[in-house]
Amino acid sequence: MSLNLIEVKTKKQLKEFIYLPEKLHAGQENWVHPIYMDEWAYFNPKKNKAFSYSDTLMLLADQDGQVVGRVMGIINRRYNEVRNEKNARFGYLESIRDQAVVHALLSRVENWAREKGMTRIIGPYGFSDQDPEGFLIKGFENRATIATYYNFEWLPEMVEKEGYTKDIDYFVYKIEVPKEIPEIYHRVAERILRKGKFQLLEFQKRKDIKPWIRPILSLMNETYIDSNIYGYAPLDEKEMDDLARKYMPVLDPRFIKGVLKDGQVVAFVVAIPDMTAGIKKARGRLLPFGFIHILRAQKKTKQLDLLLGAIKKENRGLGLDALMGMAMLTSAQKAGFEIMDTHHEMEANVRVRSEMERLGGKVYKIYRVYQKALG
């Protein structure tokens, strides 16, 4: 059979790129559609500023007139300059179960990266760690959550056959919302608030969040760079606004917690009610009625998904995580949530993982990012 690689240049080709996963994963119970309105914006250089500081290559694999695979190559120049690295990335890899297709797609991206002077490639990874990252290697019996991959079980093995090895694993914990908040959380929170140096920041209305968006995302920038968070590239103000615009419609003010010191945000955590049942029912289409399914799912779900969190370096180890944890668990209790998904936790982040396990959390998903030297 004839296999050809096509560089995505036209709107028709981009449409095939965006909707291919839906065709390949048809009937797969735990795969969840992306929100297609966001996909069209994400892959549009006029709307996604990350294209302005990244080199990209988007490919379709055509086999006898049928699109059977896709991949995106990314060189985030801003990230490489900050970290003094020469890394390329592959992402959004999809394929039929055919090693030849996977080989053709990855080889083309690797050659492109070499021509650009890169010495290593990692993936799956997007422009930043706000995008889906890592192939699922454990937990296929669980439905995907927002901003995560749900790949075929055989795909990581095919990538390994192309010479890729583990670079980093992410663990995802499932935590039962306790009926009683651990006493240590109460004691730590009371001690912190009694001293008056820190104040807990909570919200009741979505409009009250807006003035705090940039301070929160600026803190994320500072702490993620300072902590050398894997793959993270700093966001500028426009990208902060774009990220906020993307998630604002689904944010629930009850599940955004912050800590203030002298009126400045020094810690925060953000969670959202799981909406994937609604996204799946809407098939990723918000219009004309898809958004109704998503809103209903958010109201019915018993699962709360953690998305982001950070503590300013000089304020770590003071119990601010316990303060926010008590506030989040209290809000989850009141709202009737039963479980929490922690999202990605780096395998090496022993401190955070220990806290999850102290709450009774169990690892129920593992994601893996691969790497390969470009000799």
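The values are calculated or read from the model by the stated rules, or taken from the named source; none is laboratory data. Just so it is clear, the model here is predicted, and its values are computed rather than measured. Here the Cβ is made from the backbone with ideal geometry for all residues, glycine too, and neighbour counts use every protein chain on show.
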Qualifying residues in segment 86-102 (those that are in a strand (DSSP E or B) and not polar (S, T, N, Q)) - the one farthest from Val67 (Cα to Cα): Ala88
Residue within segment 183-204 that is closer than 22 Å to Gly319 by Cα, in contact (Cβ under 8 Å) with a residue 12 or more places away in the chain and within 24 Å of the chain's Cα centre (by Cα) present: yes
Segment 1-43 - residue that is under 19 Å from the mean Cα position of the chain (by Cα), of a type outside the set (A, V, I, L, M) and not in a helix (DSSP H, G or I) and, of those, surrounded by the fewest Cβ atoms within 10 Å (Cβ to Cβ): Asn30
Filter result for Thr148 (part of a loop (DSSP other than H, G, I, E, B), at pLDDT below 95 and among the hydroxyl-bearing types (Ser, Thr, Tyr)): yes
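Yes/no per residue for (1) crowded, with 17+ Cβ neighbours inside 10 Å; (2) out of contact with any Gly (no Cβ under 7 Å at 6 or more places or on another chain); (3) under 30 Å from Gly375 (Cα atoms):
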position: Glu180; (1), (2), (3): no, yes, no
position: Ala189; (1), (2), (3): yes, yes, no
position: Gly196; (1), (2), (3): no, yes, no
position: Leu201; (1), (2), (3): yes, no, no
From the options Ile75, Ile146, Ile96, Ile121, residue that is among the aliphatic types (A, V, I, L, M) and closer than 15 Å to His344 by Cβ: Ile146
Tally, over segment 304-325, of residues that are in a helix (DSSP H, G or I) and not acidic (Asp, Glu): 7
Index of the failed condition, Ala348 passing every other in (1) closer than 30 Å to Arg89 by Cβ; (2) assigned to a strand (DSSP E or B); (3) not polar (S, T, N, Q): (2)
Residue match in segment 282-290 (condition: within 18 Å of the chain's Cα centre (by Cα) and not assigned by TED's automatic domain parsing to the domain that holds Lys46): yes
Residue pairs meeting the criteria (Cβ under 8 Å; at least 6 apart or on separate chains; first at positive phi, in segment 138-154; second basic (Lys, Arg) and in a loop (DSSP other than H, G, I, E, B)): none
